[in-house]
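To start, the structure itself, in structure tokens.
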């Protein structure tokens, strides 16, 4: 333990930015606290009652200018806090659209299971390279968890039934705590681990160390075979099931006439409960219901695979989101 | 106690109006009006509720304090519904769900 | 109950305490003052039960590997939270001091619905028994927040019993609020216009609004949760299409305003104490009064700041963040006005005023750290860490309990007719202040360092600060036990109090004997001057 | 004791000791009742909130479940409840005019109509039981697309109508109390506050149903 600091170690650009905002709030809050403490102390001493028989002082009923000042003044300072904090929040929670390293994390009572696109899998360990925008995709198998890395100043609840995401750019090699921050039952306080930030070359070496069963796309392809999806969905264009080629990221027309975007949530739902949204021209109750058959990790692999069937070059541009965010180096 | 008794025919008229409105809302629900089905149904329900509040519950002659509290009740219900929906309706706005 | 009463010497005039004897006269009392005492004793009991859980938690956190099992620790913090929030903090000031003083301060003989008032105490006790049954059956481990789907599908503990306890006790809170609202509207003495109301009344009026409008929502949420736990129909279960975040929305729709149920009465007490011990009219009466109402209204549109990291829409989060900043302003206005009230006053250092000093300092810190949590980017880091724990304990314990202790000391002579030992009281007040800061200040640092809340075990680097916190907690515990002892002693053996020992303004001091008779006043009080007219001015001064 | 009695006002019929006069007492009761009804609005409001969220999330599932609602019974029940509100208001009017017999007659009629409502509700619940539409382990839904979502919506249906039915049962109990009190000549044209207050409660329960009926039975019915 080095010199004591109120700031925990910083592992990313974003951590420094949060600390800067925190320092601003500390200074403002500290000044306010001092002002109140000092005034209370000063008034209490200066105007203390010297004898029980002191006459009652003259009443002062207030001052409109003062009231306006201490209503409007704090409001203006708070606007700065609000603007600054909001900007940083949107930035940290809105990943860049391209060139991110996507890492898939599944929380379950009481461990974090980590999958890399290249196929490595770990439990309670996360390895990331310096200088790349890392995007975490979070899923939960049971209750609400919260993936928290204090050195990043970031956390996000992991809500079952949906995917949550945040991103960061590691800058400082080292090992940092991972915690579960949302109470999740008996082993809540043991549901932690370590995030290791490595230099890019170390990271390459680490990746080369081996990935059991191939990349996530390959693993997804394997599942695609194993569950028999392949018998309909790729080869049988005119048959019973829609082809999955170049589907992802595009609008799909459903049998009740509505159009939905074929995104992760849609693919996930269509695997678990295929009858919920059936593509126009196809029948209900053909595909088996996979609810309870495939775990969250397998679902992520399948989604990555389905996504790989729609090459990025062909996917439509995604505007809007990039406006507010910092582009990764 | 502080007010005159209301003639029975006023109550009977309100009662009749409520029955007619009930029949109307059932009839309209059989028509295909898209989004307007919801709007019409809720409008009729609000009218019926208002009739009951104003005449049967005698709020049209109540003190302004009572009216204020009734208003507050519905205002707070609106707060609950509007702010709840503010989350659910704006969840899909960001494109960050397309994370792959 | 009757054993705690003083033996009435023959020369004592009849008052509410000696008007009648026997357990029946207490358990069937409709006198608001007796019901206030029933509440006072039951709330104190719950405070020490909840406090015992807190002490056990702090002992567990002395070492990184803990002393208790995970499950035990999880039950400890859950029961600490449920008991302290629903059975101590929410009813604390309104049901005791509020019950005792609201009718007296406005010159009424009782609350508007005395029997409903008694009913609310029984409901409170039933809720408390249900919750304590859950404790003795083996406890609950969901956290006081009952987050689904853990509470609805995964926890193996007595969630339904505890939820029923919360559900039932909610109605006690609703009935108290309803009674206050009606009483304040319809039962003010002649001359007691809205602009002459003591600020204690304004604070309780605002509190009652929140109780009446917010509590039903937590009640129905608990019903939905309990039914879901039985039926597993999936309303909060994502695997079958339910949305767990909906539970959080409904829960916080009440539970955020609920923290204002807890703090507004504290503010109400401080307004009385600061004016009395500065011998001065409140600075900016209108602003202090209306800021209570502003807090009550704004408190309902900030709940989403508990959901910044939950997956709530970021745009909704932005709106909630903005309103969270706004709600801080009326609180700040109050603190400024209290401070300004002391300016050129005649300030004495009696025990209630010491607690008020403590309140102003600690509440300021609690409020300002609230701004950190309203700032979204900071909240992402510190939410669900000890920073949050420290923040709301600064508001709830540093603010609310300080005000409660101050209020108990301020009105103790009125309630019991006796004076307490001033030296012990001052000593205890200083002990509470010191112990409190030692307990909770390190937790701010712990939180920013990243220690999550609800951790039975923690990494070793957090140990130093945790030990400091536990040391502080033991001082705090002594600080709370001492007043228990000397107040109980003084109730029986303390010197008789004059009618108005503090020379305070207000109907309860000036126009009612001490202790008050059953119907509070000997003659119908008539109000002829504004509140806090310590300087004896003839004319009412309008500000602005 | 004598001191404190000095400030007591002379007794009026039905006046409680701590009020100055019956006008103040009536004002308090009325305001108290309304504040209570406001809490009831928020109590049902929590469920309306959940309803709004899920209806917005699963509109098709909702349209699908509304086909299993018995609109005929729902509509008849709406009429029954409106009729009972009408008889209730006539009961209050009779009390105001001091007509004891009419008061009792209208109260009994209101009670009967309330029981008719509850009986029809029972028929409906029984239908749901037969169709396995009660949420829980035995729940079954024909349209597999909405198997899960329909269960949530039936859960809300039972929660909302169930809470409403509980309020009806409480209201029936209160009506019986009123009938007994009226029979014992407890009300005069000067003091009939309980009749008025319970009337307000009864109308409120009616209003809740006026909103539940279209929301649960009618909307999405055409799809």
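Computed values, structure above
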| item | result |
| --- | --- |
| Residue check for residue D:77: facing chain B (nearest Cβ under 9 Å) and more than 30 Å from residue C:183 (Cα to Cα) | no |
| Given (1) in contact (Cβ under 8 Å) with a residue 24 or more places away in the chain; (2) surrounded by fewer than 20 Cβ atoms within 10 Å (Cβ to Cβ); (3) away from every other protein chain (no Cβ under 14 Å), index of the condition residue A:117 fails | (3) |
| Subset tally (residues that are more than 8 Å from the chain's Cα centre (by Cα), under 16 Å from residue D:75 (Cα atoms) and facing chain D (nearest Cβ under 9 Å)) for segment B:27-43 | 4 |
| Options C:425, C:429; residue that is more than 8 Å from chain A (Cβ to nearest Cβ), more than 28 Å from residue C:62 (Cα to Cα) and not in a loop (DSSP other than H, G, I, E, B) | C:425 |
| Residue check for residue D:35: within 19 Å of the chain's Cα centre (by Cα) and either surrounded by 21 or more Cβ atoms within 10 Å (Cβ to Cβ) or at pLDDT below 95 (or both) | yes |
| Filter result (in a helix (DSSP H, G or I), at the interface with another protein chain (Cβ under 7 Å from one of its Cβ atoms) and more than 26 Å from the chain's Cα centre (by Cα)) within segment C:307-321 | C:314, C:315, C:316, C:318, C:319 |
| Filtered residue count, segment A:249-295, keeping only those that are more than 10 Å from chain D (Cβ to nearest Cβ), part of a loop (DSSP other than H, G, I, E, B) and either within 30 Å of the chain's Cα centre (by Cα) or exposed (fewer than 13 other Cβ atoms within 10 Å of the Cβ) (or both) | 13 |
| Any chance residue A:194 is in contact with a strand residue (DSSP E or B) (Cβ under 7 Å, 6 or more places away or on another chain), in contact (Cβ under 8 Å) with a residue 24 or more places away in the chain and closer than 17 Å to residue C:376 by Cα | no |
| Residue within segment C:326-337 that is without any contact (Cβ under 8 Å) to a residue 40 or more places away in the chain, at the interface with another protein chain (Cβ under 8 Å from one of its Cβ atoms) and more than 23 Å from the chain's Cα centre (by Cα) present | no |
| Odd one out for residue A:149, checked against (1) within 7 Å of chain C (Cβ to nearest Cβ); (2) in contact (Cβ under 8 Å) with a residue 60 or more places away in the chain; (3) over 17 Å from residue C:145 (Cβ atoms) | (1) |
| Qualifying position, being at pLDDT 95 or above, within 14 Å of chain C (Cβ to nearest Cβ) and either more than 21 Å from residue D:84 (Cα to Cα) or part of a helix (DSSP H, G or I) (or both), among D:180, D:208 | D:208 |
| Conditions (1) more than 10 Å from every other protein chain (Cβ to nearest Cβ); (2) farther than 25 Å from residue C:168 by Cβ; (3) touching a helix residue (DSSP H, G or I) at 6+ places or on another chain (Cβ under 9 Å); (4) at pLDDT below 95: number failed by residue C:229 | (2) |
| Among (1) out of contact with any helix residue (DSSP H, G or I) (no Cβ under 9 Å at 6 or more places or on another chain); (2) at negative phi, the one test that residue D:106 misses | (1) |
| Unique match (being touching a residue at least 40 places away in the same chain (Cβ under 8 Å) and closer than 30 Å to residue C:352 by Cβ) among C:218, C:273, C:245 | C:273 |
| Selection status of residue C:143, under 30 Å from residue C:28 (Cβ atoms) and either under 24 Å from the mean Cα position of the chain (by Cα) or buried (at least 24 other Cβ atoms within 10 Å of the Cβ) (or both) | no |
| Top-ranked residue in segment A:152-184 [being more than 11 Å from chain C (Cβ to nearest Cβ) and not in a loop (DSSP other than H, G, I, E, B); ranked as farthest from residue A:196 (Cα to Cα)] | A:167 |
| Condition met for residue D:151 (surrounded by fewer than 17 Cβ atoms within 10 Å (Cβ to Cβ) and within 14 Å of chain C (Cβ to nearest Cβ)) | no |
| Matching residues, segment C:147-158, being in contact with a helix residue (DSSP H, G or I) (Cβ under 6 Å, 6 or more places away or on another chain) and either crowded, with 24+ Cβ neighbours inside 10 Å or within 14 Å of chain D (Cβ to nearest Cβ) (or both) | C:148, C:149, C:151, C:152 |
| Hey, residue C:289 under 22 Å from the mean Cα position of the chain (by Cα), at the interface with another protein chain (Cβ under 8 Å from one of its Cβ atoms), on the phi < 0 side of the Ramachandran plot and part of a helix (DSSP H, G or I) or not | no |
| Test: residue in segment A:70-84 that is touching a residue at least 40 places away in the same chain (Cβ under 8 Å), within 26 Å of residue A:175 (Cβ to Cβ) and not assigned by TED's automatic domain parsing to the domain that holds residue A:221 | no |
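Condition check ((1) within 12 Å of chain D (Cβ to nearest Cβ); (2) at pLDDT 95 or above; (3) closer than 18 Å to residue C:292 by Cα; (4) not in a helix (DSSP H, G or I)) across all residues:
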residue: C:180; (1), (2), (3), (4): yes, yes, yes, no
residue: C:191; (1), (2), (3), (4): no, no, no, yes
residue: C:201; (1), (2), (3), (4): no, yes, yes, no
residue: C:207; (1), (2), (3), (4): no, yes, yes, no
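The values are calculated or read from the model by the stated rules, or taken from the named source; none is laboratory data. Quick caveat: nothing in here was measured; it's all calculated off a predicted structure. Counting neighbours? That spans all protein chains shown, and the Cβs are built from the backbone with ideal geometry, glycine included.
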